[in-house]
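Some notes on the structure that comes next.
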Amino acid sequence: MPLSLYDTMAREKRVFEPADPYRVTMYVCGPTVYNYAHIGNARAAVVFDLLYRVLRRRYGDAHVVYARNVTDIDDKIIKAAQETGEPIAAITKKFAQIYRDDMAALGALPPSLEPAATDHIAPMIAMIEGLVENGAAYAAEGHVLFAVDRFEDYGKLSGADRDEMIAGARVEVAPYKKNPADFVLWKPSKDGEPGWDSPWGRGRPGWHLECSVMIESEFGNTVDIHGGGQDLRFPHHENEIAQSACAHDGAPLARYWVHNGFLRMGSDKMSKSLGNVVLAHDLLKDWPGEVIRWALLSAHYRQPLEWSEDLLKQSRRQLDRFYRLLEEIPFSDETGAAPESVVLALEDDLNTPEAYAGLHELRDIASQMEGEARANAIARLRAAGRLMGFLNVAPDEWFKGEAADGPTAEEIEALLAERAAARKAKDFARADAIRDDLAAKGIVIEDGPDGATWRRA
Ligand code: AMP
Ligand code: ZN
């Protein structure tokens, strides 16, 4: 069965065929690094991590190149530096690393490439010069603008929504623009703002240009898959398409456009501007990364995902059921193959609800089997987990992991130590009270020859 992906440009599911199966290329618009990522941002990172894993399974780990860029120059970063007094480079370095660590904690593999915008200033200036030369861009008052009416297909990606999107994006009207929809490729930097010398004076690149140039630098004119959240279709991706096509004699920027849907809080999109964000960094203090990942992949990636504490609790319970089985064979070999039901579901436009159904079915089958058949089914479950980024924790660690509403491992260990001391002092009333207290919180204590061990019930 082929791998198929919904292509936003074609507005339909298409069979995925890379230009070169020995070098499958994917570019995903990454974070602007000036603060913590919220869980909606994390949805994009986790969805494209899953696609990366599915591509690697199909084409081989060495034949898939995944680039996720770092936007490390931006007005929001400059503002953060002014507000905190910290140098820009310190802010971007710190938050780029926090982003990497948090996404890794959600099971996202490190991308093959993480190009940073500020490492690509020279090729950015070169691309702008080319666009000015061929008439697609014009310089005005220290700015360089892309003239959208010089690109016939402008608006094709966002299509019928375009006018609505233009209204929603509140395209900036400025005296130096020939057409209000024209967008900035280069803009002047004031004193005290970061900037680079250019033919148009000291300034800095526009955000849209950064991605076009990083794709060119890493992959050439065209990438197989370009991804991002659906809010990026307009204006960001529309503008990337226009710049790149005009800089490359009409060559398309991407062969497939893949966009994930929004994560929502109540009826609103989670976003910094609405102030309804939950940070991935904070959630990771209370929940295992796999629980958050399970929740993020529980809806199909193109559907909206309703975020709630309940979703996390359910996800925890479902993963617990898999880990109960894994507990039987804690050190399995890694030779099992992922079951076809799971692979087929994922290769059908990343149908994760269907893949989850496949995992549950396999768990039911495994639990009805015995001996070698049971062990084999568990090995296949582990393989499916490896493919999707789950079941990587040692089962005893998993059940010791911090439950959101129970005592922490540290608290439990401290109480167990106190109980051991009470028993030694023959204060059995205190020892029993501790045991009962923990039992009431769902912690089972087992006394053995080497002292007491514990697990969550
Ligand atoms: P930003 O930091 O806003 O540029 O977003 C980084 C990535 O997260 C982009 O791919 C966005 O499309 C995506 N994104 C932002 N908010 C959400 C959300 N609520 N749900 C899903 N994806 C989002
Ligand atoms: Zn981009």
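Run the simple label-point estimate for S298 and Q368 please: 7 Å along Cα→C-beta, distance reported in nm.
Result for the modelled spin labels: 2.6 nm.
From the phi of every residue in the range 335-348, what ³J(HN,Hα) in whole Hz does the Karplus formula 6.51 cos²θ - 1.76 cosθ + 1.60 yield, where θ is phi - 60° and glycine or proline is x?
Whole-Hz 3J(HN,Hα) from phi for the range 335-348: 9, x, 9, 5, x, 4, 4, 6, 4, 4, 5, 5, 6, 8.
Please report, as a whole percent, how much of the solvent-accessible surface of the range 265-398 comes from carbon and sulfur atoms (probe radius 1.4 Å).
Details: 3010 of 6180 Å².
Percent of accessible area from carbon and sulfur atoms in the range 265-398: 49.
Please list, in chain and number order, the residues 5+ apart from E306 or on another chain whose amide H is under 5 Å from its amide H, with Hs placed from the backbone.
R264
Over 19 Å between Cα atoms: which of K13/K269; K93/K190; K187/K269; K285/K400; K79/K178 fall into that group?
Among K13/K269; K93/K190; K187/K269; K285/K400; K79/K178, the Cα-Cα distance tops 19 Å for K13/K269; K93/K190; K187/K269; K79/K178.
Helix 352-368 versus the longest principal axis of the chain: what is the Cα-based angle in degrees, 0 to 90, to the nearest 10?
20
With unit charges on the beta carbons (Lys and Arg positive, Asp and Glu negative) and the dipole taken about the Cα centre of the chain, which residue among A355, A181, A242 sits farthest to the positive side?
A355
Report the one residue of P115, A147, G201 whose Cα lies farthest in the direction of the positive end of the charge dipole of the range 4-260 (charges on C-beta: Lys and Arg +1, Asp and Glu -1; origin at the Cα centre).
P115
Under 5 Å between amide H atoms, partner at least 5 residues away or on a different chain: which partners does A116 have, H built in plane at 1.01 Å?
Counting only residues 5 or more places away or on other chains, the set is V70.
Leaving ligands, DNA and RNA out of it, report the carbon-plus-sulfur percent of the accessible area of the range 4-260 at a 1.4 Å probe.
Carbon and sulfur atoms account for 49 percent of the accessible area of the range 4-260.
How would you order 87-94, 265-272 from highest to lowest mean count of nearby Cβ atoms within 10 Å?
87-94, 265-272
Spelling out what I want: for every residue of the range 55-61, take phi, set θ = phi - 60°, compute 6.51 cos²θ - 1.76 cosθ + 1.60 (Karplus), and round to whole Hz; glycine and proline get x.
Values, residue by residue: 5, 5, 4, 7, 9, x, 4 Hz.
Local charge sum around A379 (other residues, Cβ-Cβ under 9 Å, Lys/Arg +1, Asp/Glu -1)?
Every neighbour counted, the sum reads 0.
Taking H as built 1.01 Å from N, whose amide H comes closer than 5 Å to the amide H of D7, not counting residues under 5 places away?
Hits under the 5 Å cutoff: E12, K13, R14.
Can you tell me the 0 to 90 degree angle between the C-alpha axis of helix 309-326 and the longest principal axis of the chain, rounded to 10?
Approximately 60 degrees, to the nearest ten.
Rolling a 1.4 Å sphere over the protein heavy atoms, what is the accessible area per residue of the range 409-456, to the nearest Å²?
That works out to 64 Å² for each residue.
How far is helix 207-219 tilted off the main Cα axis of the chain, in degrees rounded to 10, range 0 to 90?
80
Residue by residue through the range 232-241, which ³J(HN,Hα) values in whole Hz follow from phi under the Karplus form 6.51 cos²θ - 1.76 cosθ + 1.60 (θ = phi - 60°), with glycine and proline marked x?
After applying 6.51 cos²θ - 1.76 cosθ + 1.60, I find 7, 4, 10, x, 4, 6, 4, 6, 4, 4 Hz.
Under the 0.36 nm per residue contour assumption, what length would be gained going from the current alpha-carbon distance of E152 and A140 to full extension?
Difference between extended and current length: 2.1 nm.
For the range 265-398, with every protein chain kept in place, what is the accessible area per residue (1.4 Å probe, Å²)?
Dividing the accessible area of the range 265-398 by its residue count gives 46 Å².
With the other protein chains left in place, how much accessible area per residue, in square angstrom, belongs to the range 1-100 at a 1.4 angstrom probe? Please list the in-between numbers first.
On the way: 4240 Å² over 100 residues.
That works out to 42 Å² for each residue.
Between beta-carbons, use under 11 Å as the cut-off and find the net charge around S198, counting Lys and Arg +1, Asp and Glu -1.
+1
The values are calculated or read from the model by the stated rules, or taken from the named source; none is laboratory data. The shown structure was predicted, so the numbers you read here are calculated from the model rather than taken from an experiment. Ideal geometry is used to build each Cβ from the backbone, glycine not excepted, and the neighbour counts take in all protein chains shown. Ligands, DNA and RNA are stripped out before the accessible areas are found, and what is left, the full protein with its side chains, is counted by its heavy atoms. Shrake-Rupley method; radii C 1.70, N 1.55, O 1.52, S 1.80 Å.
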